[in-house]
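Before any comments, here is the structure.
Read-outs throughout are calculated quantities, based only on the coordinates presented, and are distinct from any laboratory measurement. Please read these numbers as outputs of a predicted model, since none were measured by experiment. For neighbour counting, all protein chains shown are included, and Cβ atoms are generated from backbone atoms with ideal geometry for every residue, glycine included.
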There are 2 protein chains.
Amino acid sequence: MSSTFWMDRALSLARRGRGLTAPNPAVGAVLVKDGRLVGEGWHRGPGQPHAEAEALADARRRGRDPRGATLWVTLEPCCHEGGGKRTPPCTKALVEAGVAEVRAAVADPNPRVSGQGQAFLESAGIRFSWGPRAEEGRELIADFTTWIRSSRPFITLKWAQDLAGELRYPGPEGPWISGPESRVRAHRLRAEHDAVVVGAGTLRTDDPELTLRHGEPGPGGPPRRLVWAGSEPLPAGARLFTDDFRSQTWLIVRPGTPARLQAPGLVGSRFLEWDGQNWDRLGRDLLAAGFSRLLVEGGPTLVASLRAQGWWDLSAVFTAPRWVGGPGLALASPQWTSVGKDILLEGWNPEASCSPAW
Amino acid sequence: MSSTFWMDRALSLARRGRGLTAPNPAVGAVLVKDGRLVGEGWHRGPGQPHAEAEALADARRRGRDPRGATLWVTLEPCCHEGGGKRTPPCTKALVEAGVAEVRAAVADPNPRVSGQGQAFLESAGIRFSWGPRAEEGRELIADFTTWIRSSRPFITLKWAQDLAGELRYPGPEGPWISGPESRVRAHRLRAEHDAVVVGAGTLRTDDPELTLRHGEPGPGGPPRRLVWAGSEPLPAGARLFTDDFRSQTWLIVRPGTPARLQAPGLVGSRFLEWDGQNWDRLGRDLLAAGFSRLLVEGGPTLVASLRAQGWWDLSAVFTAPRWVGGPGLALASPQWTSVGKDILLEGWNPEASCSPAW
């Protein structure tokens, strides 16, 4: 069995908890002895046992002895108690169970905790090593890392553009820059976040739905909709305030404005007050309201302000093989090839006599 | 043996003639009987036998009988004589040799000839069908198609840009937008063309070399350098006019200007006169001077004028995962994924606390 097989299984288990564990990280763990599975588990949510404890309990249920087993776990086991923590340290449980070896994909991102799980286990005579799948392990807990280190939600900026970098944030009707496959993919991105965010301008211009129309929602359910509203009045008849999911629409508003926004359609919507200045406060308020992974879909004003503030983690840029400016032109038979860190697009002039489109 | 195996071999043979056959197309042919090679050949240049005749001659040399064989050929066999054509029709030779079946990747692009080879062969009782590898076959003869249908060279436009579409035509020193792998790839593109073209502005600003510094030249040797000069004086000390390859530097100039440009450094350079208006004339003159595949590397003025005229066939756009405007920003761990006709770039904010670069 290759060294990635069991870690991949642990990562799959961890993903079952994605969107359910905040403010904890999603973690998965597999116990293996003599090349066979002894027990497995994942963290299901705050107050529930950690993945390591779940795996040990699973082994007991199966009537199998974890003594001498190897633990494959997506995150360094915890070794601390107290401070609001509701579960005992996993390192202690692993030592007591007689586990012989621990393989952890990544260290705890908290600099005050990182490496201490490793040190505790090694001092107890358990063999410990890092990896494989460090990159996947780090991506899995990107929201937790951002919470721990930056006290704000993890933020993905998403947009579509043409070859010249002309943006258009997709509205419900288009005009679309990107193709149908990109739109399906964009909905899969939504499913990987717990809220889809737009600014007030996009709300007014596009009246978007921001629902999940392709793909399955994550374990935490479909993403909420979050409007970065400021203090301007909003159209109370907008879909976000009137459709079946309106109780899943949240607004960030200036203090004192909620009452003014309480049009009939906004019944059921929730409000976060923000003075437009105190980003630290906003970060903590968003986390407290359960927002840990935001997908920002526009528009340009909101994105520029988030970028200026450094409030973004991942960019997801869809580029279409065409120019929308001037007369507009779509390349025929476009082919993309990765070249180092760059991408090479080769495409034909559709009107050229040697073009496949001729 | 899959139906693509022999056609791929025919394509490989054809490529040996690339850059040598103008104004004829590069063509390759393979004769196969009972799953075994009987003979093969490719067109080596004007006045030389066609690929089909080469394959038949090769079979004779090997002492093998092509009777009953299948011919895999990258282009529909010719069936016409006269009009400056120096070789007899291949269709006749195939019938006389008793070939049983012909598979041709693509039809002759000349609308007055296309389908006639097929018709002649079928009327003689030879089974005929199109494909496979139509796309590769079409790309192989893109220069010939452009010559036949548009009476001008095949033209590739190449440039590098950032995510916002900010261009920079690479000069000899940079600043480079794209990475080292892209620059190697760009030199491979040069090897696939018979001339590298720049405008007078690029010559003055960048003083480029336009030589092949990575990869092997094509069968026709390294590309010449062609300066789209207009009537402005040029720096006689430019590398293109003074280096060891200066006899491979050509200029397109306004009528009457060559004498003025005959600075000592330009000894050995060649001139094409053009009034800036008559594009048809320029196309024919370029073809007559042996230019059949041009790679245009800038600058913006030249590219805009070619695009306005529809004088381009392929775009080759290198995009780097960064923004060069403002403070500039390179995404960390960029990943490109094809999504339908679009490309999705996912990359990290290098300053984000959850970034792999943190």
| remark: By Cβ neighbour count within 10 Å, fewest first, A:Thr205, A:Thr70, A:Thr249 rank A:Thr205, A:Thr70, A:Thr249
| message | Between segment B:173-203 and segment A:1-63, how far is it from one alpha carbon centroid to the other, in angstrom? | response | 51 Å
| request: Select the chain B residue whose beta carbon lies nearest to the rotation axis carrying chain B onto chain A, and write the distance in whole Å. | output: B:Gly165, 2
| said: Going 7 Å from Cα along the Cα-Cβ axis for the label, what nanometre distances separate A:Ala357 from the same residue across the other copies? | reply: 3.5
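How long are the semi-axes of the equivalent ellipsoid of segment A:8-128, defined as square roots of 5 times the Cα gyration tensor eigenvalues? Whole Å, largest first.
Values: eigenvalues 78, 58, 32 Å².
Values for segment A:8-128, descending: 20, 17, 13 Å.
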| field | Binned Cα-Cα distance frequencies in segment A:229-358 - 5 Å width, integer % | value | 2, 8, 12, 15, 13, 11, 7, 8, 10, 7, 4, 2, 0
| Cα-based Rg and Dmax for segment B:297-358, where Dmax is the largest Cα-Cα distance (Å) | 16.6, 50
| request: Pull up all non-local amide H partners of B:Trp274: gap of 5 or more, or a different chain, and H-to-H distance under 5 Å with H placed in the peptide plane. | output: B:Val253, B:Arg254
| remark: If unit charges are put on Cβ atoms (+1 for Lys and Arg, -1 for Asp and Glu) and the dipole of the protein assembly as shown is taken about its Cα centre, the option from B:Thr4, B:Trp130, A:Val32 lying farthest towards the positive end turns out to be A:Val32
| query | What distance in nm separates the simple spin-label points at B:Glu122 and A:Asp8, each placed 7 Å from Cα in the Cβ direction? | reply | 5.0 nm
| request: With just the Cα atoms of chain A, tell me how far they stretch along each of the three principal axes, in Å, largest first. | output: 70, 63, 34
| remark: Taking every other residue with Cβ under 11 Å from the Cβ of A:Val317 and scoring Lys and Arg +1, Asp and Glu -1, one gets -1
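Kindly give Rg over Rh for the protein assembly as shown, based on alpha-carbon atoms, with the Kirkwood expression for the hydrodynamic radius. Provide the component values of the computation, followed by the final result.
On the way: Rg = 32.7 Å, Rh = 30.2 Å.
Using only Cα positions, Rg/Rh for the protein assembly as shown is 1.08.
What dipole magnitude, in Debye to the nearest 20, does chain A give about its Cα centre under +1 on Lys/Arg Cβ and -1 on Asp/Glu Cβ? Mind showing how you got there, number by number?
Working: 43 positive and 39 negative charges, 181 e Å.
Result for chain A is approximately 880 debye, rounded to the nearest 20.
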| request: Apply the Karplus parameterisation 6.51 cos²θ - 1.76 cosθ + 1.60, with θ equal to phi minus 60°, to every residue of segment B:29-43 and state each ³J(HN,Hα) to the nearest whole Hz, in sequence, with x for glycine and proline. | output: 8, 9, 9, 10, 9, 6, x, 10, 5, 9, x, 8, x, 8, 7
| task | Could you list which residues have their amide H under 5 Å from that of B:Val102, counting only those 5 or more apart in sequence or on another chain, with H placed in the peptide plane? | result | B:Leu71, B:Arg127, B:Phe128, B:Ser129
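Can you sort B:Ser315, B:Ser12 from fewest to most other Cβ atoms within 10 Å of each residue's own Cβ?
Numbers: B:Ser315 23, B:Ser12 14.
Least crowded to most crowded, the residues run B:Ser12, B:Ser315.
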| message | Is there a quick way to get the dipole size of segment B:214-358? I mean about its Cα centre, with the Cβ of Lys and Arg at +1 and of Asp and Glu at -1; what is the value in debye to the nearest 20? | response | 380 debye
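Among A:Val253, B:Val99, what is the fewest-to-most ranking by other Cβ atoms within 10 Å? If you can, show how the numbers build up before the last one.
Working: A:Val253 23, B:Val99 28.
Ascending number of Cβ neighbours within 10 Å: A:Val253, B:Val99.
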| message | Running a GNM on chain B with Cα contacts under 10 Å, which residue among B:Val198, B:Val38, B:Val317 ends up with the highest mean-square fluctuation? | response | B:Val317
| note | Mean per-residue count of partner chain Cβ within 10 Å for B:307-320 equals 6
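Is the C-alpha gyration tensor of segment B:109-250 telling us rounded, prolate or oblate? Criteria: a/c under 1.5 is rounded; beyond that, a/b larger than b/c is prolate, otherwise oblate.
Note, shape of segment B:109-250 comes out prolate.
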| query | At B:Ala236, label 7 Å along Cα→Cβ: distances to the other copies, nm, ascending? | reply | 8.2
| Under a GNM of chain B (C-alpha, springs under 10 Å), which listed residue has the highest mean-square fluctuation: B:Ala55, B:Ala104, B:Ala332? | B:Ala332
| Hey, if you put +1 on the Cβ of every Lys and Arg and -1 on every Asp and Glu Cβ in chain A, which of A:Trp72, A:Leu203, A:Ala229 ends up farthest toward the positive end of that dipole? | A:Trp72
| task | State, to one decimal in nm and shortest first, how far the label point of A:Gly290 sits from each corresponding label point in the other identical copies (label point: 7 angstrom along Cα-to-Cβ). | result | 7.5
| Distance from the Cα centre of segment A:104-151 to that of segment B:314-339, in angstrom? | 31 Å
